[in-house]
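The structure under discussion appears below in the form of structure tokens.
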Amino acid sequence: MAYVDGFIVPVPKNRLDDYRKFATLASKVWRDHGALEYVECIADDVPFGKRTSFPRSVKLKPDETVVFAWIVYQSRAQRDKVNALAMKDPRFGKMDPKTMPLDGKRMIFGGFKSFIMKR
């Protein structure tokens, strides 16, 4: 079975074009280094739950939206190798958290072993 990194991140609505450019570059970098699949999705039908929800998970502000994404790898070992290479990739240049089109402090992320994967 595959290994998957998943993440949820708040993105300011007025920075969506910037985020799309960043995500497009990230998808190329991760795939070039061996990721099998790279998917980013923007919120379309994500209600604010009474106790839990995607918006609550990132403390969504009124001028933001939620992005839900995942990257698929062959294994955790391959994921660790790909992530290390991607983080050092010169195409990213110097990433300054103050100018990024997302709030990384409120990003939720993690690695998951797949147990069902049908395509």
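The values are calculated or read from the model by the stated rules, or taken from the named source; none is laboratory data. Model, not experiment: these values are computed from the prediction. Every residue, glycine as well, gets a Cβ built from its backbone with ideal geometry; the counts of neighbours run over all protein chains shown. Keep in mind that these areas ignore ligands, DNA and RNA; they rest on the heavy atoms of the full protein, side chains included. Shrake-Rupley method; radii C 1.70, N 1.55, O 1.52, S 1.80 Å.
General remarks:
- Filtered residues of region 4-58 (kept if out of contact with any helix residue (DSSP H, G or I) (no Cβ under 9 Å at 6 or more places or on another chain), surrounded by 14 or more Cβ atoms within 10 Å (Cβ to Cβ) and among the hydroxyl-bearing types (Ser, Thr, Tyr)): Tyr19, Ser27, Ser53
- Residue in region 81-97 that is farthest from Leu36 (Cα to Cα), counting only those that are of a type outside the set (S, T, N, Q) and open to solvent by less than 70 Å² (accessible area, probe 1.4 Å): Asp96
- The lone criterion from (1) in a loop (DSSP other than H, G, I, E, B); (2) under 14 Å from the mean Cα position of the chain (by Cα) left unmet by Lys50 is number (2).
- Some residue of region 35-45 being outside any strand (DSSP E or B) and within 18 Å of Asp89 (Cα to Cα): yes
- Contact map, region 59-79: first residue without any contact (Cβ under 8 Å) to a residue 24 or more places away in the chain, second residue surrounded by 15 or more Cβ atoms within 10 Å (Cβ to Cβ), Cβ cut-off under 9 Å, separation 6 or more or different chains; pairs are Ala77/Tyr3.
- Residue check, Ser114 more than 19 Å from Ser27 (Cα to Cα) and surrounded by 10 or more Cβ atoms within 10 Å (Cβ to Cβ): yes
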